[in-house]
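The values are calculated or read from the model by the stated rules, or taken from the named source; none is laboratory data. Note that the coordinates shown come from a computational prediction; the quantities given were computed from them, not determined experimentally. In this analysis, Cβ positions are derived from the backbone assuming ideal geometry, glycine residues included, and neighbour counts consider all displayed protein chains.
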């Protein structure tokens with residue numbers, strides 16, 4: 001059995017160049033960069049020169065190369081066709097989110113991989129954050145009691161830029177909601193289970209590009225818990241703390257800076273042995289809580305390693321196509337809610 005997955009990258013000049021190649025593929029012991037392609041030939045050659053791998057003139061040439069898996073990191077509107085072609089070439093697929101532009105596209109991408117007998121992974125790297133995983137263990141062990149409410153926030157300052165595909169729904173599928181809110185909703189479902197209904201508001205608060213720069217979502221989970229996702233392209237980087245709050249009947253987990261691209265933020269668990277009685281004074285001890293600070297993990301390396309283990313062993317990806325399809329269903333319901341001004345049920349899996 002091979003010891004390393006030979007990777008080809010489609011869309012080498014964006015997040016692949018900034019994060020996934022240097023921190024993931026180049027760093028993972030079970031991965032090697034074999035070939036790269038980008039529509040920007042100059043950027044593609046620069047990536048190849050910096051990280052190794054052969055620069056390819058076309059996707060067809062890349063798929064003919066000696067590779068095992070394809071990482072699709074192109075603009076969202078290209079994912080669907082590129083995944084179908086990769087599946088047809090018998091290559092395992094690891095795709096950035098959103099998988100496609102519609103639920104139907106995402107489902108067809110997953111089906112194409114199944115029919116071709118190749119693995120399909122969705123790039124929700126924030127699931128691999130060591131503090132997010134530690135929080136999940138606490139919740140799964142019943143440490144929060146009955147889940148009550150979760151909040152996930154991810155915002156940044158993203159001013160108008162010529163050619164920015166995330167600023168046009170024709171190429172990105174939407175704006176701040178689909179780009180960053182997808183990660184937030186996925187995390188909350190990881191903790192509290194499936195969302196059953198959403199109510200969403202989107203708008204352009206500051207920037208005049210075609211995609212929304214502002215989005216807030218109210219989530220109702222099948223478990224009965226509630227949640228919110230707030231995500232903006234028009235809040236300063238310094239002002240956005242990228243908060244994660246997970247509340248239950250027996251405690252809370254509060255974090256800042258864990259949602260994002262970094263390996264560690266600040267996370268505190270405030271847990272009680274029992275719910276206790278009513279305190280009319282509502283006294284609060286600001287000094288309480290237990291720091292949750294496991295060994296930091298590079299999320300890009302972790303997701304590449306995890307998918308590589310599945311390829312090499314013939315197992316199932318830890319975060320497979322179904323996670324991407326599920327995200328597409330939640331986001332589609334959110335946009336439908338924003339357009340119609342009403343709550344919308346989320347399609348079941």
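With respect to residue 181, is the statement that it is surrounded by 17 or more Cβ atoms within 10 Å (Cβ to Cβ) and under 26 Å from residue 235 (Cβ atoms) true? I'd like the intermediate steps shown before the answer.
Working: surrounded by 17 or more Cβ atoms within 10 Å (Cβ to Cβ): yes; under 26 Å from residue 235 (Cβ atoms): yes.
Yes, satisfied.
Would you confirm, using the coordinates I've provided, whether residue 49 is surrounded by 15 or more Cβ atoms within 10 Å (Cβ to Cβ) and either at pLDDT 95 or above or farther than 20 Å from residue 314 by Cα (or both)?
Details: surrounded by 15 or more Cβ atoms within 10 Å (Cβ to Cβ): no; either at pLDDT 95 or above or farther than 20 Å from residue 314 by Cα (or both): yes.
No: the conditions fail for residue 49.
Could you please find all residues in the stretch 188-197 being over 22 Å from residue 269 (Cβ atoms) and outside any strand (DSSP E or B)?
Of all residues in the stretch 188-197, those over 22 Å from residue 269 (Cβ atoms) come to 194-197.
Listed by number, the list holds a single entry, 194.
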List pairs: first in the stretch 4-33 and at positive phi, second in a loop (DSSP other than H, G, I, E, B), Cβ under 9 Å, 6+ apart or cross-chain?
11/38; 11/39; 11/73; 11/74; 11/75; 11/96
